[in-house]
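The structure appears right after this line, and notes come after that.
The values are calculated or read from the model by the stated rules, or taken from the named source; none is laboratory data. It should be emphasised that the depicted structure is a prediction, and the values quoted were computed from it without experimental measurement. Reconstructed Cβ throughout: ideal geometry from the backbone, glycine too, with neighbour counts over all protein chains shown. SASA here: full protein model, heavy atoms, side chains in, ligands and nucleic acids out. Shrake-Rupley method; radii C 1.70, N 1.55, O 1.52, S 1.80 Å.
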Amino acid sequence: MHIVLYHPEIPPNTGNIARLCAATNTRLHLIEPLGFSLDDRYLKRAGLDYWPNVTLALWPDLDAYRSDQGAGRRLIMTSARQGTPVHKFRFRADDALLFGSESTGLPPELWNLAAGSVRIPTLDTVRSLNLSTAAGIILYQGLIRTGGLADWL
């Protein structure tokens, strides 16, 4: 699986997701523009000393990612409000999980590119979960459903 962050804005979220990717051997793709510099101390701090274990790619736009690393992969959109509940979604091992920016999510014009969409069911007491929390839930559910954790157990 790949995690693709579209226009991420908050360095600690991206750093935490980088740590998640290091822990699961998942590729991390960042789609520009970013709301921070890759030299940001908060980004580095959240990722701790795991950055050497992260396979990271920076892309000028989603089309560049899709024509290279994303070619042939299903692009799975994530949303706080729409899509198949994560526990019912049929993941594939080579899915690219696309997460939008913290403040605006994914723009409507990207939804027609999706091979599927997934959401984490929550009570209406919150608007959404933190981006790095959501990435962890969705990635692990995908890994569990595709047997991606079998080698670790």
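Under a 5 Å amide H cut-off, with hydrogens placed 1.01 Å from N, residue 102 pairs with 9, 10 among residues at least 5 apart or on other chains. The sum of -39500 (n - 2.57) across all DSSP H runs of n ≥ 4, divided by the residue count of the chain, sets its helix-only mean residue ellipticity at 222 nm to -8500 deg cm²/dmol.
Using a Gaussian network model of the chain whose springs link C-alpha atoms within less than 10 Å, name the residue from 127, 19, 66 with the highest mean-square fluctuation. With Cα springs under 10 Å in the chain, the top fluctuation among 127, 19, 66 is at 127.
Dipole check for segment 25-127: with +1 at the C-beta of Lys and Arg, -1 at the C-beta of Asp and Glu, and the Cα centre as origin, the magnitude is about 480 Debye. Residue 51 sits with roughly 50 Å² accessible to a 1.4 Å probe, with DNA, RNA and ligands left out of the calculation.
Per-residue extension of 0.36 nm, minus the Cα-Cα distance of residue 124 and residue 92, leaves a gain of 8.6 nm for this segment.
Loop-located chymotrypsin sites (Phe, Trp or Tyr not before Pro) across segment 63-153 with a Cβ neighbour count of 10 or fewer within 10 Å are 152, with loop assigned by DSSP. Beta-bridge orientation, the chain: approximately 5 percent antiparallel, per DSSP, counting only bridges with both partners inside.
Shape class for the chain: rounded, because the ratio a/c of the largest to smallest gyration tensor axis (alpha-carbon atoms, square roots of eigenvalues) is under 1.5.
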